[in-house]
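Here's the structure, in structure tokens; my notes come after.
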Amino acid sequence: MTEELRQSNAEGPVAAEPELTDGFNLVIDALKLNDIETIYGVPGIPITDLGRLAQARGMRVVSFRHEQNAGNAAAIAGFLTKKPGVCLTVSAPGFLNGLTALANATTNCFPMILISGSSEREIVDLQQGDYEEMDQLAIAKPLCKAAFRVLHACDIGIGVARAIRAAVSGRPGGVYLDLPAKLFAQVMEADAGQKSLVKVIDPAPAQRPGEDAIRRALDVLKGAQRPLIVLGKGAAYAQADEAVRALVEHSGIPYVPMSMAKGLLPDTHPLSAGAARSTALKDSDVVLLVGARLNWLLSHGKGKTWGAPGSKKFIQIDIEPKEMDSNVEIVAPVVGDIGSCVSALLEGMGKDWQATPAAWLDTLKSKKEANVAKMEQKLRRNVSPMDFHGALGALKTVIKERPDAILVNEGANTLDLARGVIDMYQPRKRLDVGTWGVMGIGMGFAIAAAIETGKPVLAVEGDSAFGFSGMEVETICRYELPVCIVVFNNNGIYRGTDTDPTGRDPGTTVFVKDSRYDRMMEAFGGVGVNATTPDELKRAVDAAMDSGRPTLINAVIDPEAGSESGNIGSLNPQSGLKKKA
């Protein structure tokens, strides 16, 4: 017997070392326990190893070229899945880049969690100049729904659970989770770490409306001669698709969808009044808002858009009580989640609900048919260089033939015109700039849509909008995603024809003439195509969608085409002063 064994026998059996875990693994454990399997982000100090470990443990970690685009991807992932999308960033500047997307997610009611590494508290709080020193929690708080910081590894489970519940409960939104660098290296016993994790139970419980609220709303609807339903993206997010469709069809009330609610019912549905939107809003007498807010996109519920003052009664379904009466009086507020409220209205209507007056339906049908016929003439323009309508006419056919494809859309004229031109047939297939109308969501939305759904994505971009996130074409190629990007290239913002009166520089809204965006995609191994006619554009998009290969089509648009700020030119103030001689 060796001396070592004799010594061991004399002292008794050696106790086994306890298994350990650390902050890195506990963050991953907490996310996976709550069925979050995808992270969007940009690696760097102090979260590089968190991404590596998450990938090694089976999570999908999608690395972007800029944090704002990763944040936009996480935000739209939340919209599509009803689970909070997660964006992971480095400290300070990386956090600030992601914060724009977090604020936009909160404004749009998309559930998202921004997780950022941060500098050490004791140095930050004394402002002693740490690496990328910033009080990130204080900065984030005003711009999101909730913000938390975790200082101890044993609290990671609670921190992640609180972030998830805050993101998806009630009105969804963005949540910030601050993880200082020292947290990741903290070690604790694995058994205790496992016990500290929290599986969130029923994070977004149903909120059923009151019986009085339903009765009041139905009484108002019964008195309507020209009723209208407005569907907002909240109705699309709710995934109560069958109930919403049943409400429209059973009531016989025409509807107008906001852009991200298009497809809840097909835009070709007989009760769709989207093509007669102006008439529908102006002449209706009772309006039922389903997951739509009376913000600037609906002219705040007043003004000439809505006809004579006092001519409307509004019923509003929203999960947030404070939304009611935000711009005009809501005579019948219905507070609760969309699915519960719509189902309660349906039940209250019974089987013998009164038919919508035929005169109102005929008025909208006539206006719709006239507008569609007028638009069809524009969409058939087969000219080179293309105008917006001719190019969009080709893409309208693409989506009609491929209704399960996801359309991502941003720009000025490119966005405004596409909203009205391209019909959608299935819910949550149109993703665009939403409430703030910001540019730069395109590539982040396209990447997340492809990853979260597995469906082909068609991203229709103005050349200006594309510039905000265009470097992510490398990300699309790196992950071999089925994304086809169409850049409407008219050499500038609104138009490519401005000039500098001094003759010194290009006009402020003008880009490099005849740029070839398609060659950017080719540089990273994708397919690039230059299209100069609607026929060429249609063939190129079809080939891209059939192949599933990353593709960018440079759609050459007449620089004279387009108008100042698209359809919202009134929001762009102009000087009325004349130059002195």
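Through the Karplus equation 6.51 cos²θ - 1.76 cosθ + 1.60, θ set to phi - 60°, convert the phi angles of segment 301-313 into ³J(HN,Hα) values in whole Hz; use x for Gly and Pro.
Each residue's phi maps through the Karplus curve to give x, 8, x, 4, 4, 9, x, 5, x, x, 8, 10, 10 Hz.
Taking the Cα centre of the chain as the origin, how large is its charge dipole in debye, to the nearest 20, when only Lys and Arg (+1) and Asp and Glu (-1) carry charge on their Cβ atoms? Show your work: numbers first, answer last.
Details: 62 positive and 69 negative charges, 509 e Å.
Roughly 2440 debye for the chain.
Under the √(5λ) rule applied to the eigenvalues of the Cα gyration tensor, what semi-axes describe the equivalent ellipsoid of segment 457-532? Give them in Å, descending.
27, 11, 11
Report, to the nearest whole %, how much of the accessible area of segment 256-377 belongs to carbon and sulfur atoms, 1.4 Å probe, protein only. List each step's numbers first, then the result.
On the way: 2940 of 5460 Å².
For segment 256-377, the apolar C and S fraction of the accessible surface comes to 54 percent.
How high is the relative contact order of the chain? Use alpha-carbon pairs under 8 Å, at least six apart in sequence, and give a whole percent.
12 percent
Between ILE568 and SER547, what's the calculated FRET efficiency when r is the beta-carbon distance and R0 is 35 Å? Round to 0.05.
0.45
So, in Å, what gap is there between the alpha-carbon centers of segment 466-505 and segment 226-286?
33 Å
Take the Cα coordinates of segment 246-381, assign each an equal point scatterer, and use the Debye formula without solvent to give log10 I(q)/I(0) at q = 0.11, 0.13, 0.21 Å⁻¹.
Once normalised to I(0) and log-transformed, intensities are -0.43, -0.60, -1.51.
Just to confirm a number: summing +1 for Lys and Arg and -1 for Asp and Glu over residues other than ARG478 whose beta-carbon lies under 14 angstrom from that of ARG478, what do you get?
Summing Lys/Arg as +1 and Asp/Glu as -1 gives 0.
Quick one: 3J(HN,Hα) in Hz for segment 48-53, Karplus 6.51/-1.76/1.60 with θ = phi - 60°, rounded, Gly and Pro as x.
Result, rounded to whole Hz: 4, 5, 4, x, 4, 5.
On the Cα set of segment 41-157, report Rg and Dmax in Å, please.
Values for segment 41-157 (Cα only, Rg and Dmax): 13.9, 43 Å.
How large, in Å, is segment 283-336 by the Kirkwood hydrodynamic radius built from its alpha-carbon pairs?
11.2 Å
Considering amide H positions built from the backbone, and no H for Pro or chain starts, which residues 5 or more places from ASN295, or on another chain, come under 5 Å of its amide H?
HIS300
Please get the size of the charge dipole for segment 492-581, origin at its Cα centre, with Cβ charges of +1 on Lys and Arg and -1 on Asp and Glu, quoted in debye to the nearest 20.
The dipole of segment 492-581 has a size of about 440 debye.
How large is Rg over Rh for segment 216-265, taking Rg from the Cα atoms and Rh as the Kirkwood inverse mean of 1/r across Cα pairs?
Computed over Cα atoms, the ratio is 0.98.
Taking θ = phi - 60°, what integer Hz values does the Karplus form 6.51 cos²θ - 1.76 cosθ + 1.60 yield along segment 556-564, in sequence order, with x for Gly and Pro?
6, 10, 3, x, 7, 6, x, 10, 4
Report, in cubic angstrom per residue, the convex hull volume of the C-alpha atoms of the chain.
224 Å³
Over the Cα atoms of segment 173-220, what Rg and Dmax result, in angstrom?
Taking only Cα atoms of segment 173-220, I get Rg and Dmax of 21.7, 62 Å.
Under the 0.36 nm per residue contour assumption, what length would be gained going from the current alpha-carbon distance of LYS374 and ASP498 to full extension? Before the final figure, lay out each step's value.
Numbers: separation 124, 0.36 × 124 = 44.64 nm, distance 3.00 nm.
Once the chain is fully extended between LYS374 and ASP498, it gains 41.6 nm.
Run the 1.4 Å probe and let me know the accessible area of LEU151, rounded to the nearest 10 Å².
Surface accessible to solvent at LEU151 totals approximately 80 Å².
Relative contact order (percent) for segment 170-328, with alpha-carbon contacts under 8 angstrom and 6 or more residues of separation?
Numbers: 177 pairs, mean separation 37.0, N = 159.
It comes to 23 percent, rounded to a whole number.
What percent of all Cα-Cα pairs in segment 116-241 falls in each 10 Å bin, counting up from 0?
Pairs per bin, as whole percents: 10, 26, 26, 17, 11, 7, 2.
How much FRET efficiency would the formula 1/(1 + (r/R0)^6) give for ASP135 and TRP436, where r is the Cβ-Cβ distance and R0 is 22 Å, rounded to 0.05?
Efficiency, from the Cβ-Cβ distance: 0.30.
Kindly sort THR363, THR475 by accessible area of their heavy atoms, largest first, with the probe set to 1.4 Å.
Values: THR363 65, THR475 0 Å².
Largest accessible area first, the residues go THR363, THR475.
So how much accessible area does GLU37 have, in Å² to the nearest 10, using a 1.4 Å probe?
Rounded to the nearest 10, that gives 80 Å².
Over the residues of segment 90-151, compute the C-alpha Rg and express it relative to 2.2 N^0.38 Å.
1.13
Expected output is a single nm value to one decimal: the length gained when fully extending between LYS32 and GLU347, i.e. 0.36 nm times separation in residues minus the C-alpha distance. What is it?
Taking 0.36 nm per residue and subtracting the Cα distance, the gain is 109.5 nm.
Principal axis extents for segment 185-247, Cα atoms only, whole Å, descending order, please.
Principal-axis extents of segment 185-247 (Cα, largest first): 68, 24, 20 Å.
List the residues whose amide H sits under 5 Å from the amide H of ARG149, counting only those 5 or more places along or on another chain, with H placed 1.01 Å from N in the peptide plane.
ASP178
Between helix 23-33 and the chain, what is the angle of the helix's C-alpha long axis to the longest principal axis, kept within 0 to 90° and rounded to the nearest 10?
50 degrees
Along Cα→Cβ, 7 Å out, is where each label goes; now give me the distance between the ones at LEU297 and ASP212 in nm to one decimal.
Here the modelled spin labels are 3.2 nm apart.
Given a 1.4 Å probe and the protein chains all in place, what does the accessible area of LYS83 round to, in Å² to the nearest 10?
Approximately 90 Å² for this residue.
How would CYS341, CYS109 rank on accessible area, largest to smallest, probe 1.4 Å?
CYS109, CYS341
Segment 154-200 to segment 34-64: how many Å between their Cα centroids?
15 Å
Between ARG539 and GLU122, what FRET efficiency follows from the Cβ-Cβ distance if R0 is 56 Å, with the result rounded to 0.05?
Efficiency, from the Cβ-Cβ distance: 0.35.
Counting alpha carbon pairs within less than 8 Å and at least 6 residues apart, what relative contact order, in whole percent, applies to segment 147-209?
In percent, rounded to a whole number, it is 45.
The values are calculated or read from the model by the stated rules, or taken from the named source; none is laboratory data. Just so we're clear, the structure is a prediction, and the values are computed from it rather than from any experiment. Note that each Cβ is placed from the backbone with ideal geometry, even for glycine, and that neighbours are counted across all protein chains shown. Areas reflect the complete protein model, heavy atoms only, side chains present, ligands, DNA and RNA absent. Shrake-Rupley method; radii C 1.70, N 1.55, O 1.52, S 1.80 Å.
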